[in-house]
Amino acid sequence: MDFRETIQDATKATDAPPEAKKRFKLGVPASASFNRETFVFRPSHTYIWGISVFIMVGNVYYNQPLLVQLANDFQVSESRIGLVPTLTQAGYAVGMVVLVPLGDLVRRRQLINATIALCMIFTALMAGGFNAVLFEVLSLFVGILTVSPQILMPLAADLCPPERRGSTLGVIQGCLALGILCSRMFAGIVANFFPWRWVYIIAVILMLGLLIVLYFLLPDVPPTITDGLPGYPKLMLSLVELMLTEPVLVQSCGCQFFQKATFAIFWTVLTFLLSDVPFQYSTFVIGLFAVVGIAGTLAAPLAGRLIDKHGPYLGVTLGILATTVGWCILLGLGGNYVAAIAVGGFLSDFGGQMSQVANQTRIFARKPTARSRLNALYMTCSFAGSALGAGTGTAVYARFGWRGTCVLAIGYLLLAGLFQAVRGPRAAGTQWFGWRAPVAVDAKATADEEVSIPPVDKDTASIMTPDAEKSPVTDTRTEARTYSPPVSRTRDFVSKWFKPST
């Protein structure tokens, strides 16, 4: 995977002033230099970034299977040690808000490598932690610095061809979800045979290897903001502006907020369900149900290809429907049959992954210069939905049992479907409600992709027309919205109602 064939001299990467080039190019090897005119996005980029997010996201979840050992080692109560995962998750949320938007303002190569290096240092300190207070503080900083996956995602959307954006994001998102599940299993297995500190020692080794690989292979892409540096305060204020002016972003955030809540409900309440009658499974057997989640995440690349072919709106719709079917199975049979739990959990995870990839695909198509900020807002809403689901799911299960929890999840999915239904795939990008754009709206304002259609030159058109007097000039804006006849009725339906207008 040598990028020398496709990445040329770094001095041609951007039109920035020479002094800026010298300042930013320091320490960039030739294999990581970037020239947009000659750069070719290869499958190896997708695989490297998929492995990167797989490794890095584990830092947030390693501590969850280790809580009992940590409490015993630090001689504190289980309720006190429960602050460790809480602070890590809180730090992750803070990092998404304060660090991820910087991906639009600075070079993402330097930002990613810096966060990984700092995270590696704090993780090494955690391996040598000697009391609970120090470990909690370090956990907070590790959570803040584990944001490189959310910076890599917009970078992939910037560099990959638009027709492959869904499949590329599907692979990377699948690796991210797989990393969440596998990190818990990895930490539990290692801590079962070795002291818990070895989990963090191995994590440091993995991050060191990743840092070396990315130093040589991560392209040095210039910032997306080219019309003057706004400064960090203005950059943060622009987040509010995006939420007030981007209906596609708000729609995607609403869908993801409620769908992510159902994901958190399932994995939070599942332990209580399987440990109670009639199942009464051990902790080891309950841990094996992570395989259900792994199977669901492996379907993310397939969902990405579907999105590339039929558009992100259909992907979100099918994702919500699949998750709803899964929860209906859990409502009817999940309380008595373990097979129903496996099938329902798979459909729930698969639907969640499909919606995640589709939502990110359509928000990244809106503002190429603000993709890091769009992703920061989107993932913050996703994280908030997860917190809502974990809290309300536990409370409802304690009072109303498993069926009450399923009804709660289905209610959240109905709200997600409501957000999806208020705007159709052919609505204008600035249109808050409706399924079709007004006639006067230019096609480039469509929701899911931006298309630039040049104005019609009548003089040029008359030259290209064999008989200018008998063939009137037609407006290409109207023709651009007309699809060629599809092969089948099913494809005709999909093309007519779910693909964005071009």
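Just so you know, all these numbers are worked out from the coordinates, no wet-lab data involved. Just so it is clear, the model here is predicted, and its values are computed rather than measured. Positions of Cβ are generated from backbone atoms using ideal geometry, with glycine treated the same way; all protein chains shown enter the neighbour counts.
What the table below lists for this structure:
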item	result
Check: segment 1-229 dipole with +1 on Lys, Arg Cβ and -1 on Asp, Glu Cβ, in debye	180 debye
In sequence order, calculated HN-Hα J values of segment 312-317 (Karplus, 6.51, -1.76, 1.60; Hz; x Gly/Pro)	x, 4, 5, x, 5, 4
Sequence ranges 358-367, 386-395, ranked by mean other-Cβ count within 10 angstrom, highest first	358-367, 386-395
Estimated inter-spin distance, Leu118 and Val137, nm [label 7 Å along Cα→Cβ]	1.6 nm
In Hz, Karplus ³J(HN,Hα) per residue of segment 148-160 (6.51, -1.76, 1.60; θ = phi - 60°; x = Gly, Pro)	4, x, 7, 8, 5, 4, x, 4, 5, 5, 5, 9, 7
³J(HN,Hα) computed for each position of segment 341-356 - Karplus, 6.51 cos²θ - 1.76 cosθ + 1.60, integer Hz, glycine/proline x	5, 5, 5, x, x, 5, 5, 5, 5, 5, x, x, 5, 4, 5, 4
Segment Val338-Ser31, length gained on full extension (0.36 nm per residue, minus Cα span)	105.4 nm
Cα→Cβ-extended label distance, 7 Å offset, between Arg305 and Ala398, nm	4.6 nm
Residues whose placed amide H lies under 5 Å from that of Trp435, excluding near-sequence neighbours	Gly424
Burial order of peptide ranges 63-72, 105-114 (average beta-carbon count within 10 Å, highest first)	105-114, 63-72
Separation of the Ile410 and Tyr232 label points, Cα + 7 Å toward Cβ, nm	4.9 nm
Between segment 347-398 and segment 95-168, the Cα center-to-center distance that results, in Å	18 Å
Gain upon complete extension [Thr271, Arg42; 0.36 nm per residue less C-alpha separation]	78.3 nm
Calculated FRET efficiency for the pair Thr86/Thr369, C-beta based, R₀ 41 Å, to 0.05	0.70
